[in-house]
Amino acid sequence: MARIAAVPSPIPVDDRGRPAFEIPSELAIDTDVARRVIGEFIRSQLRQAGFERCVLGLSGGIDSALVAYLLAEAIGGERLLAVLMPYRTSSPASRTDAQAVVAALSCASELVEITPMVDGYFGRDAEPGAAGREALEASPVRRGNFMARMRMSILYDRSVTFGGLVVGTGNKTEGLIGYTTLFGDSASAFNPIGDLYKSQVRQLALALGVPAAILAKAPSADLWPDQTDELEGGFNYEELDRILYWRIDRRRSVDEVVARGFDRTTVERVDGLVARSEFKRQMPAVAKLGPRTAGVDYLYPRRRPGSART
């Protein structure tokens, strides 16, 4: 496919001239290599599964915007369906930003409002929904997890009508600390950016020409008004990415990471997040009874003889 013509933009700045984010030096990547590797990964995943199209949930955030750009570069915008799935409390700016991506890539798009589905379950304005009166007091996190799973249900339904694979948009940082909804935004057929830390997502998005409005805004799952990833999690991505890099990629001990100038309490907290979310990164465990168990010792590539779709 033709390479998207994009002139790398400078890091956006706020009204005081301060950069919206920083890219730690140890996390710098060769964006040309990353684009080439990810592009071939996308095409190979489609070939292995026997598909030519992709379906993507487009939120207006940097992660899904970057994946959309990568897909369009790898297979062409005409083979991509972007689905916008706002809730009644979603920021109008999110929809505007998502529509800007659709326009830039000339891809197909659909708008599916999830408010009736979510409110039909939890209820609204003191009127109970399908989950009963207790659910009227559901926490924002509980509601947010339900929204994420509802959105993924929509994407998999649209994958049938469009004939495309559902593509994931979660980055490595979120995956490692468990900042993801199991069977919600963590579900997909494949994930092009799952091995990129948030800082690297930002770097690649800059190189691909993702709109500045998306690059500059605070990362947010947009699950409730004014929610941001960093406020909810109590971290900033630059520090979190660096700690994860030294602990996971470079296999440094806690003491060694602390010696690099990081706060011990913060490093230990990050370690705890990674450890407690291990179950989210693995397939469901199976009680092994037979001689060959699917997913354990009965393993094959996705595409094997006899698996071609007709």
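Where a number appears in this text, it was derived from the coordinates with a stated rule and is not lab data. Since the model is a prediction, treat every value here as computed from it, not as a measurement. Counting neighbours? That spans all protein chains shown, and the Cβs are built from the backbone with ideal geometry, glycine included.
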Most mobile of 63, 30, 297 per a Gaussian network model of the chain (Cα springs, under 10 Å)?
-> 297
Overall form of the range 156-203 per C-alpha gyration tensor (a/c, 1.5; a/b vs b/c) | oblate
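Just the number, please: percent antiparallel of the DSSP beta bridges in the chain, rounded to the nearest 5.
20 percent
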Excluding residues on the same chain fewer than 8 positions from residue 217, give the lysines whose Cα lies under 22 Å from its Cα.
-> 172, 198
Could you please rank 217, 288, placing first whichever residue has the fewest other Cβ atoms within 10 Å of its Cβ?
-> 288, 217
Please identify, among 255, 195, 185, the residue showing maximal mean-square fluctuation in a Gaussian network model of the chain using a 10 angstrom Cα cutoff.
-> 255
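With a cut-off of 8 Å between alpha carbons and a minimum separation of six or more residues, what is the relative contact order of the chain in percent?
Values: 455 pairs, mean separation 67.9, N = 310.
With pairs under 8 Å counted, the relative contact order is 22 percent.
How high is the FRET efficiency between residue 139 and residue 212 when r is their beta carbon distance and R₀ equals 25 Å, given to the nearest 0.05? Let's see the in-between values first.
Values: r = 34 Å, r/R0 = 1.37.
Efficiency at R0 = 25 Å is approximately 0.15.
For n ≥ 4 DSSP H runs only, could you compute -39500 (n - 2.57) per run for the chain, divide by its residues and tell me the 222 nm figure to the nearest 500? If you can, show how the numbers build up before the last one.
Working: 12 runs with 132 residues, N = 310.
That comes out to -13000 deg cm²/dmol.
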Using a ≥ b ≥ c from the Cα gyration tensor of the chain (square roots of the eigenvalues), is it rounded, prolate or oblate, where a/c under 1.5 gives rounded and otherwise the larger of a/b and b/c decides, a/b for prolate?
-> rounded
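If each residue's Cβ is checked for other Cβ atoms within 10 Å, how do 248, 23 rank with the fewest at the top? Numbers along the way, then the final one.
Values: 248 14, 23 18.
The fewest-first ordering by Cβ neighbours comes to 248, 23.
Most exposed first by the Cβ proxy, i.e. fewest other Cβ within 10 Å, how do 156, 179 rank? Show your work: numbers first, answer last.
Working: 156 14, 179 21.
With the sparsest Cβ surroundings first, the list reads 156, 179.
Checking the a/c ratio against 1.5 first, then a/b against b/c, what shape does the Cα gyration tensor give for the range 180-219? Working shown, then result.
Numbers: a/c = 2.41, a/b = 1.78, b/c = 1.36.
Prolate, since a/c reaches 1.5 and a/b exceeds b/c.
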Along the charge dipole of the range 25-225, Cβ charges K/R +1 and D/E -1, which of 49, 206, 152 sits furthest on the positive end?
-> 49
GNM of the chain, Cα pairs under 10 angstrom: of 196, 80, 111, the biggest fluctuation goes to 111
Report the charge-dipole magnitude of the chain in Debye, nearest 20, computed about the Cα centre from +1 at each Lys and Arg Cβ and -1 at each Asp and Glu Cβ.
-> 1220 debye
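What is the extension gain from residue 293 to residue 78, computed as 0.36 nm multiplied by their sequence separation minus the C-alpha to C-alpha distance, in nm to one decimal?
Working: separation 215, 0.36 × 215 = 77.40 nm, distance 3.98 nm.
Full extension of this stretch gives 73.4 nm more.
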Of the residues 99, 231, 175, the Cα lying farthest along the dipole of the chain towards its positive end, which is defined by charges on the beta carbon of Lys, Arg, Asp and Glu, belongs to 175
Quick one: Cα centre-to-centre distance for the range 90-140 and the range 280-302, in angstrom?
-> 35 Å
